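What follows is a short report on a single structure.
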Amino acid sequence: MDEPFVDEEGQGQVIQDQRWKNTYSLQASFIFMALCFSINHGCVTAVLGLASANLGDELGGIQSGTLYILYTLSALLIATSLVHSLGAKWSLVWGLGLYCAYVASFLIAAKVESVKWPAAIIGSAIGGTAAGWLWTAQGVYFGRVADHYAVISGLSKEKSTSWLASIFASIYVGFEVILKLASSLLYDFGSDTFVYTIFTIVAVACAILMVFVPKEPPQLNQNQSQQKQLSAVDRLAQAAKLLTTDSRMKWISGFEIMFGMASSFLNFYINGTIIKSALGKKNIGYMAAVVPATATLLAVPYSKLTNITGKDPVMICGCFSYLVIAMVVVLVKDEKLESLKWGLVFLYIIAGNGRAVFEGTNKAMVADFFPNQKEAAFANVIITSGGASAVAFYIFPLLSKLTMGLIVAVCCLYGIIGIFMAFRIHRSEELEQYNKVDRGSRQSDEYERKDSIGFVQNN
């Protein structure tokens, strides 16, 4: 029988479970989790893109707004304590199971017209609440596997994390593309009811399969595992304090709000009105799949580009992407846009550029700006981007195309100004910190020189 594995970092954690004793088992368990998570989540994003087209502008907007606002509140108020109590694996099981309610609500609304409204709203409320802790649970599972993988493989923590992150991102975005394409392809074989039945079955199957995913590995860092769990009030207080006291966070919030508003505009109006009219609702999925596909293709090039240009030019490029979309939709009549048919794909390629910046460069920027306040900083990202999406979905059904587009355009301009100011302040603070360190170093050298002179004179 193999000897129990003891980690090499001096933490004294004994690993009895054979599954966590080699890299192959770690990767297999992680991929199993990623597949269940990504396919279930892909079903959600696929039907979300059809919300306005199938439920109508008013109900589609309210349903999507409810999903986002409860996602935001759940992530901030209950996610950490729930994952701490249930563990990452069982939080994922329950989260994916409840997420199915959102997908199933489309099926119920399509089959029973009399309960269309309550089904859609209740389903989005349950799904949004579940979504709030799903990403927290996924992050814990990912972090535990990465820690063990680094120790067993002998790789650095950074390389281990990067490798597993690339695996997860490939699976996650890959299935988002596949399932959005499927949302269009399935219409060739049946009606709304058939499409939603397939997605509901697939989502439920993934939730059930998650039960068989191995439990997350034990915490290697005992000190980290014993850290005090922040309450919801503490997390909100820290996020609010950072937002109100750090001018960089205030300026960055413009970009996050812009992304939330622009993403909702794409799903609500461009998908639900322009593409539905130009190509029919069965082709919305094909167009929607272009966004994550483009974002995937641009992820690595942007990562390399930021090493040359810095992150701020890329961030501003993301703002201009959504500004172009808003202005095209505002300035060009719907009839002219609809006449382009499949040529409208250019809007989705541009949106994919913006998505790539949000998912990659933006999050790297936040981590760079707030290395010691990451939880509060990313809580603000959730509040501002998720909150903006929720507000947009609630108000857009009441507004004209011109008003919606102008709101998005103004948010884009604010985002550009915000990024410029945030980086200017950040570099100024970095320079000030460098000068303090440099002055301290020079003073230390001066003291040492004087001591040396004194020593020589005394001898």
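General remarks:
- Linear extension gain, S153 paired with E58, 0.36 nm per residue minus alpha-carbon span: 28.9 nm
- Probe 1.4 Å, protein heavy atoms only - accessible area per residue of the chain in square angstrom: 46
- Think of the chain as having a plus end and a minus end, set by charges on the Cβ of Lys, Arg, Asp and Glu; of G127, C412, N380, C412 sits farthest toward the positive end of this dipole.
- Partners of K215 within straight-line reach, counting lysines whose Cα lies under 20 Å from its Cα and excluding those fewer than 8 residues away in the same chain: K21, K89.
- Helical mean residue ellipticity (222 nm; -39500 (n - 2.57) per DSSP H run of 4+; nearest 500) of the chain: -26500 deg cm²/dmol
- Using the average count of surrounding beta-carbon atoms within 10 Å as a protection proxy, the listed peptides 305-313, 427-435 rank, highest first, as 305-313, 427-435.
- Debye intensity ratio in log₁₀ form over the Cα atoms of the chain, taken at each q of 0.09, 0.12 Å⁻¹: -0.64, -1.08
- Solvent-accessible area of the chain (1.4 angstrom probe, protein heavy atoms only): carbon and sulfur portion equals 63 percent.
- About its Cα centre, the chain has a charge dipole of approximately 760 debye under the convention of +1 per Lys or Arg Cβ and -1 per Asp or Glu Cβ, with nothing else charged.
- Three-way shape call for segment 280-353 based on the alpha-carbon gyration tensor, with the a/c threshold at 1.5: oblate
- Anchor K374: lysines whose Cα lies under 22 Å away (excluding residues fewer than 8 positions away in-chain): K157, K159, K228, K241, K250, K311, K363
- Gyration tensor (alpha-carbon) shape descriptor, segment 313-353, a/c threshold 1.5: oblate
- Burial ranking of peptide ranges 327-340, 398-411, 133-146, 43-56 (average Cβ count within 10 Å, highest at the top): 43-56, 133-146, 398-411, 327-340
- Candidate lysines - alpha carbon under 27 Å from K281, same-chain residues fewer than 8 apart omitted: K111, K116, K180, K333, K336, K341, K401
- Along segment 296-304 the Karplus relation, 6.51 cos²θ - 1.76 cosθ + 1.60 evaluated at θ = phi - 60°, assigns HN-Hα couplings of 5, 5, 8, 4, 5, x, 5, 4, 6 Hz to successive residues, with x for each Gly and Pro.
- Computed E for E335/L297 - FRET, C-beta separation, R0 30 angstrom, nearest 0.05: 0.40
- Cα gyration tensor category, rounded, prolate or oblate, for segment 195-334 with a/c compared to 1.5: oblate
- V115-S428 FRET efficiency (beta carbon distance; Förster radius 41 Å; 0.05 resolution): 0.10
- Farthest positive-ward along the chain dipole, Cα basis, beta-carbon charges - from I325, L305, S253: I325
- Under a model in which nothing but the beta-carbon of Lys, Arg (+1) and Asp, Glu (-1) is charged, segment 124-227 shows a dipole of about 300 debye around its Cα centre.
- Scaled against 2.2 N^0.38 Å for its residue count N, the alpha carbon radius of gyration of segment 7-162 is 1.27.
- This model, with +1 at the C-beta of Lys and Arg and -1 at the C-beta of Asp and Glu, gives segment 18-168 a dipole about its Cα centre of some 580 debye.
- P(r) histogram, all alpha-carbon pairs of segment 64-117 included - 10 Å bins from 0, percent: 21, 42, 27, 10, 0
The values are calculated or read from the model by the stated rules, or taken from the named source; none is laboratory data. None of these values were measured; they are calculated from a predicted model. No Cβ is skipped: glycine too gets one built from the backbone with ideal geometry, and neighbour counts run over all protein chains shown. SASA here: full protein model, heavy atoms, side chains in, ligands and nucleic acids out. Shrake-Rupley method; radii C 1.70, N 1.55, O 1.52, S 1.80 Å.
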